[in-house]
Amino acid sequence: MARFVVRRVVLLVAVLFAVTFLGFSAMNLLGDPLVNVVGVLAELDCEGIEAGLVEDTTVDAASRDCDTVAAAKAQYHLDQPVPVRYVLWVGDLATGDFGTSFQNDQPVSQVIREKLPETLILLVMAQIVSLGVAIPWGVIAAYRANRAFDRGSTVASFGLLSVPNFALGVVLLYLLALRWQVFPSAYEGDNLGGLVFSMVLPAVTLGLPLAASYQRLLRTDLITTLQEDFVHMARAKGLPPLRIMFRHALRPSMFSVITVFGVSTGALIGGSLVVEQIFGIPGIGREIVTAVVRDDFPVVLAIVMLVACTFVVLNFVVDLLYSWLDPRVRAR
Amino acid sequence: MTADDRKTGNPTASGEGPVPRKGRASRERLLWRFRILRLVRSSRVPDDDPTEDAAVRRRLGFSFWLAVAWLLIMAFVAAFAPMLPVADPTKVAFGGPREPPSADAWFGTDALGRDVFSRTVHGARISLAVGGFAIVFGMVVGGSLGIVAGYFRGRLDQAVGFAFFVLLSFPSLVLAILITATLDRSLLVVSLTIGILAVAPVGLLARASTLVFAEREFVAAARVLGARHGRIIVRELLPNVVIPMGALTLLGMAIAVVAEGSLAFLGLSVAGEDAISWGKMIVDGAGLRDLQNATHVTMFPVVVMFLTVLSLNFAGDRIRQYFDVKELAF
């Protein structure tokens, strides 16, 4: 078991390095960060000017354009090759320094600290919604499998799985916030109650399709479990059906749901980018989209890295969880 | 080669493989199994149903053809949009802005007075083009990597597996943003971006089914007869592996269409005034005032997009059941 964990940890570290390196070099090689810092000045032929080959067109001698460029290069290490910059950048990350935003010189770590709670609350609420809907739904569907309710819910879950997140969000926003005005249409983050209340619609938008896929998995596994001997035994003992369902059958049927939990969180993070946009939640997702539009390179990079690393660690935890859940993985 | 040769539905013959060796190897094997299971199950497909009998699987049914019909209409409309007798999607139509649906403008007009019906028709172009290109790219690149990795095993397999693992470590929309953030958002770039997202899942599927087939007798026979690796891969393995990959094409396309829609919704899909996409139309009408007063501007593209994704998912799922892909994957 110990060797198994060690192997997984080594893999985890390797993947983290690969993910960060891939992201870092993609951002550096595909775009030119210098352009984002100093704008058109990046096109200046400073080497030519230093050598006297090209005329220096700067009017003000006190702040030469080339000095600005050189200062920007030094500040963001842009005069180094990409691998060196990567090492410097990882070193900074290790000390908690995520760099500074090109837009307003705010430290990126501060931006993230301000925006992260909203997104986390949204993700947690979405998972609560999906599990809260999926478990009763799946249990009822499996209890009377292939009856009217089950057939209806198959159609419903298929439909839910085919609605794109943003379409569902817009429809819910229109129906529940504008038409019937059950929920606020604008984000209210002043107090915790208002915050949670205005997060209900976004959480439902994210959680419903997920609930549909959880429900399918749970139903399939439950139907199999309900045919097992120990369930017949419990029934023969005269236990009430509800007790059999929740105390005996549900737990061994949750395996698939837990299996998907890790991956679905990744999908939720992707979905939250869109949902935060629709409902105007000032979270990580909105921040990254704004940053992309403004070419704010350090912010984009930091958020992508944060999300990817969280996702990797989460999947690592799920990998380990298997060995606890399924003895076959643990067995020698 | 007969249909029976191609089908490895029999789990006792090949699905379980040889008796797992003790220790690390079998553990690795189980872990891979879980990872693939996780992928298959996390895709937006309702799982296989234990109560459903084989006879149902072997019939495609009326609703399948209904879904196919809708998809064909969409494909036709997308291919011939500029030649169809609809209004110019980028010009202001006869009525004013935010006109409700009428005989002249079937879906009404949007905030700039453009014809929503015509824009919906033209929007099919980018959505389907990106979806189609992405899945083909994923199948060609991911498929060949997966087959080669699954056939040669060893170091190469580990390297490819690691690369897939890294690609899958990004939530897909985040990876897409990372790429589109730095490049010009042309049709090719957006299609390639979404195609890259498809590489790892398709590759894992191809690798898994190659592992199954590589252990079968006809491959051993080919090797004994002196066939070279290239021939075994192209003539023996490829025709078998293409079936599960092909059966999942439509499902993959559904995911790609939604991914393009999400990017468009965030304003990160194909840029330009005449690049119309359903996602962009939906976000255009999603402001609170438009949503309140001119609901039709968003709701028509929402409905059309939903029907298209639903048809892709439904037809795709039927095809998957028809070819019994789930058994093939292991």
What's the angle, to the nearest 10 degrees (0 to 90), between helix A:2-30's Cα axis and the longest principal axis of chain A? 40 degrees
Provide the FRET efficiency to the nearest 0.05 for the B:R216-B:L183 pair, computing r from the beta carbons and using R0 = 56 Å. 0.85
Pairwise label distance in nanometres, A:L175 with A:A156, each label 7 Å out on the Cα-Cβ vector: 1.1 nm
When the helix-only estimate is applied to chain A (DSSP H runs of n ≥ 4, each -39,500 (n - 2.57), divided by the residue count), what is the mean residue ellipticity at 222 nm, nearest 500 deg cm²/dmol? -23000 deg cm²/dmol
Using a Gaussian network model of chain A with C-alpha springs under 10 Å, which one of A:P117, A:P184, A:P241 is most mobile by mean-square fluctuation? A:P241
Let's test the formula: R0 of 22 Å, r as the Cβ-Cβ distance of B:F80 and B:W106. What FRET efficiency results, to the nearest 0.05? 0.80
I want to check the label-to-label distance for B:L307 and A:F149. Put each point 7 Å from Cα in the C-beta direction and report it in nm to one decimal. 3.3 nm
What angle, in degrees between 0 and 90 and rounded to the nearest 10, separates the Cα long axis of helix A:297-325 from the longest principal axis of the Cα atoms of chain A? 30 degrees
Decide, for chain A, between rounded, prolate and oblate: order the square roots of the alpha carbon gyration tensor eigenvalues as a ≥ b ≥ c, take rounded if a/c falls under 1.5, and otherwise choose prolate if a/b is larger than b/c, else oblate. prolate
What FRET efficiency comes out for A:L195 versus A:V313 if R0 is 41 angstrom and r is the Cβ-Cβ distance? Round to the nearest 0.05. 0.95
Can you give the mean number of other chain Cβ atoms that lie within 10 Å of the Cβ atoms in peptide B:252-261? 2
Residue mean of other protein chain beta carbons inside 10 Å, A:213-221: 4
For helix A:65-75, report the angle its Cα long axis makes with the longest principal axis of the Cα atoms of chain A; keep it between 0 and 90° and round to the nearest 10°. 40 degrees
So for region A:73-178, taking the charge dipole from beta-carbon charges (+1 Lys/Arg, -1 Asp/Glu), which of A:I121, A:S101, A:F166 sits furthest toward the positive end? A:F166
The distance between the Cα centres of region A:124-163 and region A:66-95, in whole Å, is 51 Å
Give the average, rounded to an integer, of partner chain Cβ atoms located within 10 angstrom of each Cβ in A:168-178. 4
Can you tell me the dipole magnitude for region A:219-310 around its Cα centre, using point charges on the Cβ only (Lys, Arg +1; Asp, Glu -1), in Debye to the nearest 20? 620 debye
Give the relative contact order (percent, whole number) for region A:109-331; include only Cα pairs under 8 Å separated by 6+ residues. 27 percent
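Quick check of the Kirkwood formula: for region A:56-160, what is the inverse mean of 1/r over all pairs of different Cα atoms, in Å?
So the Kirkwood estimate lands at 19.5 Å.
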Let me spell out the model: positive unit charges on the Cβ of Lys and Arg, negative unit charges on the Cβ of Asp and Glu, origin at the Cα centre of region A:109-331. What dipole size does that give, in debye rounded to 20? 1000 debye
For region B:230-282 and region A:242-281, what is the centre-to-centre distance using only Cα atoms, to the nearest Å? 25 Å
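Coordinate-derived values only; no laboratory data. These figures come from a predicted structure and were not determined experimentally. Ideal geometry is used to build each Cβ from the backbone, glycine not excepted, and the neighbour counts take in all protein chains shown.
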